[in-house]
Amino acid sequence: MKTGILSVGQVPREIPLELVHALPKIFPDTACSVIKETLTIPADSLAKKRNQYNSSVILNQINAFAANNVDFDRVLGVIDVDVFAFGLNYVFGEAYTPGKAALISLWRLRPDFYDETPSLSIFVSRAVKEAVHELGHTLGLHHCEKVSCIMHFSKSIFDTDKKQSLFCGQDYLQASLAINTLAQPP
Ligand SMILES: [Zn+2]
Ligand SMILES: [Zn+2]
């Protein structure tokens, strides 16, 4: 699975680099690289009243980028603003299930957001977990009941911290099969 990491607006440099390093260790047969271009945050994604951005509008733009970019099977957008989706106060990310595009937001992943001591390693580990989860959705995986599985739904950061950055056996199998299908010549 050829995966590109796309910054949407200003994003701390180290996060895309850490993702490029971490994701191929978790997904089988996967190569990952940072896309040089940066996507501008779509102006119409800002919901002024709530001072948050609509993740579905942004995801749509990432999908358009992915559709025009044959070099990648999947494009993961990384954004550093607060995002929400319809019916939810906030989300850590969103993805097409299945599809080519995914998005994660770093906004609520820093320990200092929760008045905890700043920690780059915790910040990075949360970003990796959210990235694996959303890319899992793009491979057709749905939410998993197992609390430790990366496909378990995170209602809050506590759920994210409880999960491993790994799939349960069944989800790993499904992800591997989906990645295998990508590798088939057309
Ligand atoms: Zn999910
Ligand atoms: Zn699972």
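The values are calculated or read from the model by the stated rules, or taken from the named source; none is laboratory data. The structure presented is a predicted model; accordingly, all values stated were derived computationally and were not measured. Cβ sites come from the backbone with ideal geometry, for glycine too, and all protein chains shown count toward neighbours. With ligands, DNA and RNA removed, areas are computed over all heavy atoms of the protein, side chains included. Shrake-Rupley method; radii C 1.70, N 1.55, O 1.52, S 1.80 Å.
For the reader, a short list of remarks on this structure follows.
- Restricting attention to the stretch 139-186, the residues being within 15 Å of Pro28 (Cα to Cα), more than 8 Å from ligand 2 (Cβ to nearest atom), out of contact with any Pro (no Cβ under 9 Å at 6 or more places or on another chain) and touching a residue at least 12 places away in the same chain (Cβ under 8 Å) number 5.
- Verdict on Val81 being within 25 Å of Phe153 (Cα to Cα) and in contact (Cβ under 8 Å) with a residue 40 or more places away in the chain: yes
- Of all residues in the stretch 1-21 being outside any loop (DSSP other than H, G, I, E, B) and of a type in the set (Gly, Ala, Ser), the one that is least open to solvent (accessible area, probe 1.4 Å): Gly4
- Annotation for the stretch 168-177: at least one member residue is surrounded by 11 or more Cβ atoms within 10 Å (Cβ to Cβ), in a loop (DSSP other than H, G, I, E, B) and not charged (D, E, K, R).
- With respect to the stated conditions, Lys100 fails to be of a type in the set (Lys, Arg), within 12 Å of the chain's Cα centre (by Cα), under 22 Å from Gln174 (Cβ atoms) and within 16 Å of ligand 2 (Cβ to nearest atom).
- Residue-level analysis places Lys146 among those that are at negative phi and more than 12 Å from ligand 1 (Cβ to nearest atom).
- Residue match in the stretch 140-156 (condition: of a type in the set (Val, Ile, Thr), in a helix (DSSP H, G or I), farther than 26 Å from Asn51 by Cβ and open to solvent by less than 50 Å² (accessible area, probe 1.4 Å)): no
- Residue selected from the stretch 81-119 under the condition more than 18 Å from Asn60 (Cα to Cα) and not in a loop (DSSP other than H, G, I, E, B), by the criterion least open to solvent (accessible area, probe 1.4 Å): Pro111
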